[in-house]
1. In whole angstrom, note down how far apart the Cα centers of the stretch 175-240 and the stretch 317-368 are.
2. Nearest 5 percent is fine: what portion of the DSSP beta bridges confined to the stretch 188-397 is antiparallel?
3. Projected onto the charge dipole of the chain (+1 at Lys/Arg Cβ, -1 at Asp/Glu Cβ, origin at the Cα centre), which of Val297, Trp346, Val147 gives the Cα projection farthest towards the positive end?
4. Going by a ≥ b ≥ c, the root eigenvalues of the Cα gyration tensor, does the stretch 291-345 fall in the rounded group (a/c under 1.5), the prolate group (a/b larger than b/c) or the oblate group?
5. In terms of the Cα gyration tensor, with a ≥ b ≥ c the square roots of its eigenvalues, is the chain rounded because a/c is under 1.5, prolate because a/b exceeds b/c, or oblate?
6. Treating the beta-carbon of each Lys and Arg as +1 and of each Asp and Glu as -1, no other charges, what is the dipole magnitude of the chain about its Cα centre, to the nearest 20 debye?
7. State to the nearest 20 debye the size of the charge dipole of the stretch 6-180 about its Cα centre, where the only charges are +1 on K and R beta carbons and -1 on D and E beta carbons.
8. Per-residue HN-Hα couplings for the stretch 160-166, Karplus 6.51 cos²θ - 1.76 cosθ + 1.60 at θ = phi - 60°, whole Hz, x for Gly and Pro?
Amino acid sequence: MLNGRRVLLIIGGGIAAYKSLELIRALQKRGASVVPVMTRAASEFVTPLSVSALSGNKVFQDLFDLTDEAEMGHIELSRSADLIIVAPATGDLMAKMALGMASDLATTLLLATDTPVMIAPAMNVRMWEHTGTQRNLKTLRADGIHVCGPDEGDMACGEFGFGRMTEPDAIVDAASDILLNGPLKGKHVIVTSGPTHEPIDPVRYIANRSSGSQGTAIANALAALGARVSFVTGPARADMPLGCDIIHVETAREMLDAVQSALPCDGAVFAAAVADWRMKNSTDSKIKKNASGDIPVLDFTENPDILATVSQLKNDRPNLIVGFAAETDDVIKNATAKRIRKQCDWILANDVSPETGIMGGSENDVTLITANDVIDWPRMSKDAVAKKLAQHIADELG
Ligand code: C5P
């Protein structure tokens, strides 16, 4: 099943475009969601209305659509999926891809993406056999593009031979092979996310501003590379990741218990903003104002440090443990010291001073600190940070 996997489907302008409607259905039947993009020529063969109605999503068509750009820029659109399928991939689209052109929305997305791409070519047999197309095919394969089909058979133009677009179910099988055979296939990764809530009394609690969006993005990115992900989350505002085992907790102690129950694992990413302290004695009944106007004094005790506890396990220590260091000053110095103190393998350090807009925002500006390196990543979306981190994890654990 492809539960939770996101496919960006680029529909090219050929008669086989009608099969893309069936392809949308077949992908959805296996649990994937589909965001459609149509070339101008594609809309001569199928209507954007049918594509939108079947996919349940808006159809993206125009590179210069200001509303689309404001909602989701084309760069983000190109990277928001786990797989891009081009079906039908016409001779013209293949040629533009092979040349690296960006002359419309579809080709611009294909040039901007860092997501795996699969094409399902469809064209007349002579066009398919033409040395130009075969040369482009070779280039695309060498560029790492996956190719599904074409099949041999009768064609809409009355000829017979290779050039028919592969049937939708077979395209979905090929997509599943790519999506489920990622470099983290067979690996189990635990991700913690969100804030924790530490009760003061039955109605009040101590919390922080973490939205959980970076943790969700990391879990999605790891799952997209084929990992089995246990996602242990505090009460977060962000959407839950798709295709992961989700374990909801409230407090730091519950989070530690849930992480320990999810062990063993190959890797762990501790992205949660765990409260450092909890009430020493939280009360079972609501603290009341009293007549003499006494103001309650909150007495704290330290919470367990989940990252440090798991990093210092004798048995069952994951092979790779990644922590975050959200700092407001001396970011690198503090984060480097934190990595050593907690004994994790990598730390992603970031500056969470209010003026950075990172805490609760959609972007992150991180530095990866390992035992040997300090690598500054450019500021990018939390999704892009997640994908980059997941790829590093795959390189390490693969
Ligand atoms: O010490 P500090 O809170 O800055 O450490 C941040 C890192 O440690 C994060 O990866 C966070 O998820 C983890 N952490 C934890 N348990 C705590 C406190 C922090 O796992 N009690």
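1. If you average the Cα positions of each part, the centres end up 17 Å apart.
2. Details: 14 of 39 bridges.
Looking only at bridges with both residues in the stretch 188-397, the antiparallel portion is about 35 percent.
3. Farthest towards the positive pole: Val297.
4. Values: a/c = 4.62, a/b = 1.86, b/c = 2.49.
It comes out oblate by the Cα gyration axes.
5. Numbers: a/c = 2.52, a/b = 2.19, b/c = 1.15.
Prolate.
6. On the way: 38 positive and 50 negative charges, 112 e Å.
Using Cβ point charges on Lys, Arg, Asp and Glu, the chain gives about 540 debye.
7. On the way: 14 positive and 22 negative charges, 33 e Å.
Here the size comes out at about 160 debye.
8. Calculated HN-Hα couplings, in order: 10, x, 7, x, 6, 5, 4 Hz.
Bear in mind these aren't lab numbers, they're just calculated from the coordinates by the rules spelled out. Note that this is a predicted model, so its numbers are computed, not measured. Methodologically, a virtual Cβ is constructed for each residue, glycine included, from the backbone with ideal geometry; neighbour enumeration extends over all protein chains shown.
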